Amino acid sequence: MYLTDRSQPVQADTDQGQRRGPGRGVAPVVLVLGTVSLITDISSEMVTAVLPLYLVTTLGFSPLGFGTLDGVYNGVSALVQLTGGHLADRVRNHKLLAGLGYGLSALCKPLLLFAGSIGTLGTVLALERTGKGLRTAPRDAMISLSTPAARQGRAFGVHRAMDTTGAMLGPLAAFLILRAAADGYDAVFGVSACVAVLGVLVLVLFVPGRRRTGAAEESDAEPPVRVREALALLRIPRLRALAGCAALLGLTTVSDAFVYLLLQRRAGIGEEWFPLLPLGTAVVFLLLAVPLGSLADRVGRRTVFLAGHAALLTAYALLLWAPAVSALVPLVLALHGTFYAATDGVLPAALAGIVPEQLRASGLAIVGTGQALARFCCSLAFGAAWTVWGDGPALAGAAVGLLCCAAVAGLVLRPADGTR
C-alpha cells in the first residue's frame with residue numbers, strides 16, 4: 001500500500017471531474033468550507049494559544065496534569081470521529097453532522113470562563129473536542145466528494161490553507177486581547193465564543209445541503225449504512241496499512257502545546273510573547289499547504305508525507321541540541337509548519353481512490369481516529385516522562401521513536417513496483 005494512489009478513482013469522482021472540466025480550480029463547496037474553518041480556527045486557536053500558559057502559570061498545573069488535559073483535548077475528538085463519520089454516511093447528510101459538531105464546539109467556548117479546576121476544565125474541553133470529532137470526517141468527506149481523485153491533494157491543500165489562515169489570526173487576536181484587556185484570559189475566552197458562533201452561521205447559510213438529483217433519490221432508497229459495513233473497510237489492505245502507519249507515527253508526534261513550551265524554555269521567550277508562537281507555525285503552513293498538496297498529487301503522497309515527518313524530526317533535533325540563538329525560534333516554527341503542510345491534507349487526500357463514495361466519511365474517520373488516539377497516548381506519555389525525567393530526555397525519547405516509526409512507515413508504504 002502506498003500514498004500515491006495511482007489506482008483508478010471511484011467512478012463518481014471521475015464523473016465529477018468530467019463535469020468540472022480540466023481546470024485547476026477547486027469546487028465552491030471547498031472554498032465555503034474553508035471559510036467556515038477559517039472563522040472557527042480563529043476562535044479555537046485563540047484558546048489554544050493561551051491555554052498552555054494559562055494552565056501551567058496561572059492555575060499551576062504540573063507537566064503531567066497539563067499532559068493529561070492536552071491528551072483529553074486531542075483524544076476525545078478521536079473517539080467521536082468514528083461516530084460522526086458513520087452517522088454522516090448513515091443519514092447521508094454530511095452538512096447536518098458537521099453543523100452539529102461546529103455548534104457544540106461554539107457552545108463550549110463561554111464555559112471556559114467558569115472552569116477553574118482540572119475536573120471542570122477536562123469536562124469542557126472534552127465536550128469541545130466532541131464537537132470537533134463530530135465535524136471533522138463529514139467536512140472532509142464533503143471536500144473529497146466534490147473533487148476528482150487526481151486533484152485531492154490540491155483541494156485539501158486549499159482548505160487547509162484557509163483553515164490555517166484562521167490558525168494564524170487566532171493567536172494574533174489572543175496576543176492583542178491579552179495586551180489590551182485587564183482580565184486578559186477571560187476576554188480571550190469570551191471573544192472566542194462570539195467568533196465561533198459566526199462560523200456556525202456561515203456553515204448553515206452558505207454550505208449547500210444534499211442535492212435532490214435522480215442519483216441522490218436512488219441512493220436514499222438504499223438501506224442505511226451499517227456499522228459492520230464501515231468496519232469492513234479495514235479489510236482493504238491499502239486502507240489498513242495507511243491507518244496503521246498514521247497511528248504509528250502519531251505515537252511519537254509531540255503535541256503543539258508541548259513544542260511551544262519547549263521552545264519558550266530553550267529560547268527564553270517572555271510569557272507575553274508566548275501566544276505568538278503558533279502564529280509562526282500557521283504562517284508556514286499557510287504558505288506551503290497548497291504547493292505541497294499539489295506536489296503530492298504529482299510526485300506521490302507517500303514521498304511528501306514522509307518528508308513532512310522528516311521536517312518534524314529535524315525540529316526535535318534543534319530543540320534538543322541547537323544553541324539558544326536568535327534563529328532557533330523561526331527555524332523550529334518553520335519546520336513545524338512544514339510538517340503540517342506536508343501531512344495534514346495529504347493524509348485524507350490519499351483515501352480518494354481507496355474508500356467507496358457512500359463510505360467516504362467512515363473511511364476518513366477510521367484513519368483520523370487511529371492517528372488522534374495515538375497522539376492522545378503520546379501526550380499522556382510525554383507529560384509523564386517530562387514530570388519524571390525532565391523535558392530533554394522526554395523529547396529525546398520522542399525523537400528516537402519518531403525516527404524508528406518513520407523508517408517502518410517508509411517500508412510499509414513503499415510502492416510494490418518500486419516507484420515513488
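Summary table
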quantity: Among the residues listed as Ala126, Ala115, Ala98, the single one being closer than 19 Å to Ser43 by Cβ, out of contact with any strand residue (DSSP E or B) (no Cβ under 8 Å at 6 or more places or on another chain) and crowded, with 24+ Cβ neighbours inside 10 Å; calculated: Ala98
quantity: Residue among Leu251, Leu239, Leu286 that is closer than 16 Å to Glu45 by Cα and under 22 Å from the mean Cα position of the chain (by Cα); calculated: Leu286
quantity: Qualifying residue in the stretch 94-110 (condition: in a loop (DSSP other than H, G, I, E, B) and either at pLDDT below 75 or farther than 25 Å from Leu276 by Cβ (or both)); calculated: no
quantity: Residue among Ala78, Ala126 that alone is touching a Ser or Thr at 6+ places or on another chain (Cβ under 6 Å), over 18 Å from Pro208 (Cα atoms), part of a helix (DSSP H, G or I) and of a type in the set (A, V, I, L, M, F, W, C); calculated: Ala78
quantity: Every pair of residues 6+ apart whose Cβ atoms lie under 6 Å, when the first sits in the stretch 388-415 and is under 21 Å from Gln371 (Cβ atoms) and surrounded by 16 or more Cβ atoms within 10 Å (Cβ to Cβ) while the second is among the charged types (D, E, K, R) and modelled with pLDDT under 95; calculated: Leu413/Arg302
quantity: Residues located in the stretch 272-288, provided they are touching a helix residue (DSSP H, G or I) at 6+ places or on another chain (Cβ under 6 Å) and more than 22 Å from Arg154 (Cα to Cα); calculated: Phe274, Pro275, Leu276, Leu277, Pro278, Leu279, Gly280
quantity: Check on Thr281, outside any helix (DSSP H, G or I) and crowded, with 23+ Cβ neighbours inside 10 Å; calculated: no
quantity: Close pairs from the stretch 340-353: first within 19 Å of Ala150 (Cβ to Cβ), partner among the hydroxyl-bearing types (Ser, Thr, Tyr) and at pLDDT 85 or above, Cβ under 8 Å, at least 6 apart; calculated: Pro348/Ser144; Ala349/Ser144; Leu351/Ser144; Ala352/Ser144; Ala352/Thr147
quantity: Residue within the stretch 22-30 that is of a type outside the set (Gly, Ala, Ser), within 18 Å of the chain's Cα centre (by Cα) and at pLDDT 75 or above present; calculated: yes
quantity: Total residues in the stretch 132-172, condition more than 19 Å from Thr343 (Cα to Cα), hydrophobic (A, V, I, L, M, F, W, C) and surrounded by fewer than 21 Cβ atoms within 10 Å (Cβ to Cβ); calculated: 3
quantity: Residue match in the stretch 241-252 (condition: surrounded by fewer than 19 Cβ atoms within 10 Å (Cβ to Cβ) and touching a Pro at 6+ places or on another chain (Cβ under 7 Å)); calculated: no
quantity: Residue match in the stretch 115-125 (condition: more than 20 Å from Tyr185 (Cβ to Cβ) and out of contact with any Lys or Arg (no Cβ under 8 Å at 6 or more places or on another chain)); calculated: no
quantity: Residues of the stretch 289-299 satisfying the condition of being surrounded by fewer than 24 Cβ atoms within 10 Å (Cβ to Cβ) and more than 12 Å from Gln152 (Cα to Cα); calculated: Pro291, Val299
quantity: From the options Thr68, Thr136, Thr147, Thr165, residue that is touching a residue at least 24 places away in the same chain (Cβ under 8 Å) and not in a helix (DSSP H, G or I); calculated: Thr147
quantity: In the stretch 313-333, the residues that are buried (at least 21 other Cβ atoms within 10 Å of the Cβ) and over 16 Å from Leu261 (Cα atoms); calculated: none
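The values are calculated or read from the model by the stated rules, or taken from the named source; none is laboratory data. Only a predicted model underlies this, so the values are computations on that prediction, with no experimental measurement involved. Note that each Cβ is placed from the backbone with ideal geometry, even for glycine, and that neighbours are counted across all protein chains shown.
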